[in-house]
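Below is one structure, written out as structure tokens, with a few remarks after it.
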């Protein structure tokens with residue numbers, strides 16, 4: 001099984017080698033200070049079930065780096081959650097916030113649980129227990145959680161409510177809240193919208209006038225990306241979820257598909273689309289992996305027929321697959337750039353909470369597109385100048401800022 005954190009550090013080390021960081025700053029242990037998080041929090045979550053029985057879960061919060069500001073990162077509820085995955089996600093968040101110029105460091109949290117197997121009351125008790133155990137480790141100026149896979153506005157509201165029982169009333173303790181609790185308009189759609197903005201910039205640079213897109217994952221990222229693409233007149237020819245995938249080379253009716261999925265719980269059975277077995281191997285111009293990590297591997301990379309991959313998920317491509325795709329001339333828009341829209345608008349929410357003044361949707365979207373396209377153009381220009389991949393360009397730009405802050409702050 002591929003190790004997510006070792007994969008992440010391998011790419012970071014390759015980018016650091018391109019920059020000559022270890023040679024330029026001998027004896028500063030730059031990579032070691034990125035490999036080992038600032039703080040690892042791991043604890044038992046004992047949940048009393050509705051029937052009176054007790055189930056125990058592994059709980060994590062990794063505070064990777066606060067070099068550039070308070071820790072920031074989502075909370076994931078999924079059975080596959082483990083230490084390596086959460087450490088990788090924390091590292092990627094450190095790089096992501098640096099790349100898109102946010103005053104945050106990186107963090108990530110999670111519980112190894114399948115929330116669909118719990119009642120609403122059980123999920124609430126688990127979230128509140130998780131929050132209580134972290135009440136001294138999170139806060140508007142310390143560590144600001146957000147939603148991730150398996151969590152959403154509901155869970156963020158419970159975190160906010162539990163935190164305020166023990167600390168000050170501080171809406172900025174968590175982002176991704178409902179609008180009526182202090183959330184930002186546009187936050188729900190932000191990751192998908194930012195992904196589409198980066199994709200459009202790349203399509204313009206490549207000179208592609210028409211583009212067909214396949215999307216793996218139809219959740220919070222994939223569904224909103226599909227809706228945004230459809231609204232912009234870009235054909236989405238295939239979509240997959242945990243149950244399977246559907247295809248229509250003429251382009252799927254995404255709003256109708258979204259309604260079907262909301263009603264039935266799956267995209268399968270949608271009228272006017274045929275089921276397909278291999279979404280990754282679907283014929284398309286652009287592939288958007290928007291689900292779990294490590295889905296594009298050395299085994300699956302040779303099957304990919306897309307000419308461009310935009311990573312909506314975190315860590316969907318292993319280093320081995322990266323090399324295979326590079327040899328085949330397939331462009332990759334890396335995750336720390338392509339899916340940064342969510343943390344950008346989370347930052348906007350944090351700012352609005354602290355100001356007590358809230359923006360209209362037009363302002364949020366304008367600021368999001370401006371910030372993420374600026375990051376894209378910096379990555380593109382660096383890649384062209386140095387003759388490296390977009391992934392190494394993105395990591396290099398992020399590392400330059402992180403290393404500068406590390407050296408300026410001295411030994412922490």
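Results, tabulated for the structure shown:
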{"read-out": "Expected 222 nm ellipticity per residue - DSSP helices of 4 or more, -39500 (n - 2.57), all of the chain, to 500", "value": "-14000 deg cm²/dmol"}
{"read-out": "All Cα pairs of the range 107-222, percent lying beyond 21 Å", "value": "48"}
{"read-out": "Sites residue 179 and residue 231, calculated FRET efficiency, Cβ-Cβ separation with R0 30 Å, nearest 0.05", "value": "0.90"}
{"read-out": "Among beta bridges that DSSP assigns inside the range 199-297, antiparallel share in %, nearest 5", "value": "45"}
{"read-out": "Additional length obtainable on full extension of the chain from residue 357 to residue 386, 0.36 nm per residue less Cα span", "value": "6.2 nm"}
{"read-out": "Computed E for residue 274/residue 298 - FRET, C-beta separation, R0 30 angstrom, nearest 0.05", "value": "0.55"}
{"read-out": "Burial ranking of peptide ranges 101-112, 355-366 (average Cβ count within 10 Å, highest at the top)", "value": "101-112, 355-366"}
{"read-out": "Pairwise label distance in nanometres, residue 263 with residue 409, each label 7 Å out on the Cα-Cβ vector", "value": "5.2"}
{"read-out": "Selected from 212, 116, 98 as most flexible by GNM, with the chain as the system and alpha-carbon contacts under 10 Å", "value": "116"}
{"read-out": "Order of 44, 188 under a 10 Å beta carbon neighbour criterion, fewest first", "value": "44, 188"}
{"read-out": "Two-site label geometry, residue 2 and residue 25: point separation in nm, points 7 Å out along Cα→Cβ", "value": "2.9"}
{"read-out": "Segment residue 133-residue 54, length gained on full extension (0.36 nm per residue, minus Cα span)", "value": "26.7 nm"}
{"read-out": "Residue 46 versus residue 17: modelled label distance in nm, points set 7 Å from Cα along the beta carbon direction", "value": "4.8"}
{"read-out": "Whole-number percent relative contact order across the range 1-92, with pairs defined as alpha carbons under 8 Å at least 6 apart", "value": "31"}
{"read-out": "Antiparallel bridges, percent of DSSP beta bridges restricted to the chain (to nearest 5)", "value": "50"}
{"read-out": "Potential lengthening between residue 210 and residue 165 on full extension [0.36 nm per residue; Cα-Cα distance subtracted]", "value": "10.9 nm"}
{"read-out": "Relative contact order of the range 190-338, defined on C-alpha pairs under 8 angstrom at six or more residues apart (%)", "value": "23"}
{"read-out": "Where a label projected 7 Å from the Cα of residue 307 along Cα→Cβ would reach, residues of the range 381-405 with amide N under 18 Å", "value": "390"}
{"read-out": "Which labelled figure in (1) 94, 54, 41; (2) 80, 54, 38; (3) 57, 55, 44 is Cα extents along the principal axes in Å, once derived from the coordinates", "value": "(3)"}
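Every number in this text was worked out from the coordinates using simple rules, so none of it is lab data. As the structure is a computational prediction, the values presented were derived from the model and not from experiment. For neighbour counting, all protein chains shown are included, and Cβ atoms are generated from backbone atoms with ideal geometry for every residue, glycine included.
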